[in-house]
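Worksheet: one structure, shown below.
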Amino acid sequence: MSFVFDSSKPIAIGCDHAGFEYKSALIPWLQGKGFEVKDLGTHSPDSVDYPDFAHPVASGVENGEFAFGILMCGTANGVAMTANKHPKIRAALCWQNDVAAVTRQHNNANIICIPARFVSLVLAQQMIEIFMNTDFEGGRHATRIGKIDC
Ligand code: RB5
């Protein structure tokens, strides 16, 4: 297994209140593995609006500031919908390990969206590890990605 993104750049992470607890656990877990992590909030369990945190993560991944992004909300639908408004973002809603692997292989996803209210923290960690260690296959999948934009 090897880190497939640009290791000179930090990993961006953001969430709403539903993902705050997991974010608080994932940041030290990633740092313990030697990764630099940029925490773009939220910074408390108080109720917030997920686009306010998904847009900064997506913008930073889009402009090349971050290696890749991790977004969380209750279902991960809100953060994924928001992030995917950014033209260079392919944000993937992941709920099992195989989905995290295949969205890298086939979609070259650059943000993993985790439904914090519906997966365990251990599964979230497994999916992130798989996501950042799985490479894009290119070929016919590159052709398909090229057809995503409107
Ligand atoms: C917050 O209650 C919830 O709506 C949000 O975390 C997310 O699931 C939206 O898609």
Prolate/oblate/rounded label for region 91-150 (Cα gyration tensor, a/c 1.5): prolate
Relative contact order %, the chain, counting alpha carbon pairs below 8 Å whose residues are six or more apart: 25 percent
Relative contact order (percent, whole number), region 62-128, Cα cutoff 8 Å, 6+ residue spacing: 39 percent
Net charge, Met81 excluded, C-beta distance under 15 Å - Lys, Arg +1, Asp, Glu -1: -1
Burial ordering of Val79, Val119, fewest other beta-carbon atoms within 10 Å first: Val119, Val79
Loop chymotrypsin sites (Phe, Trp or Tyr not before Pro), region 62-150, which have at most 12 other Cβ atoms in a 10 Å radius of their Cβ (DSSP): Phe118
Spin-label model distance (nm) - Gln31 vs Cys150, 7 Å beyond Cα toward Cβ: 4.0 nm
For the chain, diffusion coefficient by Stokes-Einstein and Kirkwood Rh (Cα), 4 °C, 1.567 mPa s, µm²/s: 87 µm²/s
Local electrostatic count at Lys9 - Lys and Arg +1, Asp and Glu -1, tallied over other residues with Cβ under 11 Å: -2
Pairwise Lys count, the chain - Cα closer than 23 Å, eight or more residues apart or different chains: 12
Stretch gain in nm, segment Ser24-Leu123, where the contour uses 0.36 nm per residue and the Cα spacing is subtracted: 34.1 nm
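Just so you know, all these numbers are worked out from the coordinates, no wet-lab data involved. Note that the structure is a prediction, hence the values are computed from the model and not measured. Ideal geometry is used to build each Cβ from the backbone, glycine not excepted, and the neighbour counts take in all protein chains shown.
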